[in-house]
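Structure, as structure tokens:
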Amino acid sequence: MGKNQKYKKILNLGSGIGIFRKALPPWGKDAIYINIDNYIDIKKLKRGTKSKKGAYMFAMYDDKAEFVTADIRKLPFPDDYADGAELNQVIEHFSWWDVIPVLKEIRRVLKPKAKLLLSTPNFNALAKQWTENCWLEEYLVKNNVFNLDTYINLNEQIFGNQRGELGKNQGEIHKCAVNPRFLQYALTRAGFINFKIVSYAEGSAVPAGLGLNSKGRRGKAFRCETIIAIAKK
């Protein structure tokens, strides 16, 4: 490590099946992830990463990556601990009542002026998808699709993963309808006073340099309309 470079601790909150060691931009080349999830069995994940079967088809685990089993609502870190945090496709899995306490807890463990990067599906778009495609027969005919899995995958995009091994736990289900206005309210109530919120259309390119690949989804486009927030403590 260079003399003028500082080691950075970046919290990869709700890491899921993507456990990484080296943090991605914009955190700097010496930044390391501390991966945190309350539902992942790390031994099963390591085996699943090798097998690439079922729920672990896209699983990733970096050798020597740090992993902590913890509930984001009560993080096992002191105040002003982390240099940054990522909360990617996670906040919607908490209940409406938990969103603000979760953001407050994240803010607590961040150092002054540290940054939170947050991404979440825009519920405004998900609600529109549901109202336009809720009837199976109409969906199949309208989209010229005759594969039931396609319809199920659409519903899982709206409601959260409800199949497979990971779907057995409550961490995979969408519990809160997050849109830009609600997120603005929640960040403000949590004490963040400097933040920017942008919604990206389905299929648009994932902005470079935001660390948004830490979940193991290395695609180049958003699967659904997605909100990205950048907030500073």
Check: So which of D62, D80 ends up being among the acidic types (D, E), modelled with pLDDT of 90 or more and within 24 Å of A190 (Cβ to Cβ)?
Finding: D80
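Give L110, L103, L116 a once-over and let me know the one that is at pLDDT 95 or above, under 15 Å from the mean Cα position of the chain (by Cα), more than 20 Å from F222 (Cβ to Cβ) and not β-branched (V, I, T). Outline the logic, then answer.
Working: L110 fails: under 15 Å from the mean Cα position of the chain (by Cα); L116 fails: more than 20 Å from F222 (Cβ to Cβ).
After ruling out the rest, the residue left standing is L103.
Every residue, every condition in (1) free of Cβ contacts under 8 Å to residues at least 24 places away in the same chain; (2) assigned to a loop (DSSP other than H, G, I, E, B), yes or no:
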{"residue": "L24", "(1), (2)": "no, yes"}
{"residue": "K29", "(1), (2)": "no, yes"}
{"residue": "I40", "(1), (2)": "no, yes"}
{"residue": "A55", "(1), (2)": "no, no"}
{"residue": "F58", "(1), (2)": "no, yes"}
{"residue": "V68", "(1), (2)": "no, no"}
{"residue": "P76", "(1), (2)": "yes, yes"}
{"residue": "D79", "(1), (2)": "no, yes"}
{"residue": "G84", "(1), (2)": "no, no"}
Next item on the list: Name, by its number, the condition in (1) crowded, with 19+ Cβ neighbours inside 10 Å; (2) closer than 23 Å to A229 by Cβ; (3) not hydroxyl-bearing (S, T, Y) that does not hold for I40.
Entry: (2)
Next item on the list: Mind listing whichever residues of the range 117-134 are surrounded by 14 or more Cβ atoms within 10 Å (Cβ to Cβ) and of a type in the set (G, A, S)?
Entry: S119, A125
Checklist line | Pair list, Cβ < 9 Å and 6+ apart or interchain, from the range 136-150 residues that are free of Cβ contacts under 8 Å to residues at least 40 places away in the same chain and surrounded by 12 or more Cβ atoms within 10 Å (Cβ to Cβ) to residues that are not in a helix (DSSP H, G or I) and not polar (S, T, N, Q) | finding: Y139/V145; L140/F146
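Residue-by-condition table, conditions (1) modelled with pLDDT of 95 or more; (2) touching a Leu at 6+ places or on another chain (Cβ under 6 Å); (3) among the acidic types (D, E):
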{"residue": "M1", "(1), (2), (3)": "no, no, no"}
{"residue": "K9", "(1), (2), (3)": "yes, no, no"}
{"residue": "G14", "(1), (2), (3)": "no, no, no"}
{"residue": "G18", "(1), (2), (3)": "no, no, no"}
{"residue": "N38", "(1), (2), (3)": "no, no, no"}
{"residue": "K53", "(1), (2), (3)": "no, no, no"}
{"residue": "V68", "(1), (2), (3)": "yes, no, no"}
{"residue": "I72", "(1), (2), (3)": "yes, yes, no"}
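The values are calculated or read from the model by the stated rules, or taken from the named source; none is laboratory data. Everything quoted here is computed from the prediction, not taken from an experiment. Neighbour counts are summed over all protein chains in view; Cβ atoms, including those assigned to glycine, are modelled from backbone coordinates with ideal geometry.
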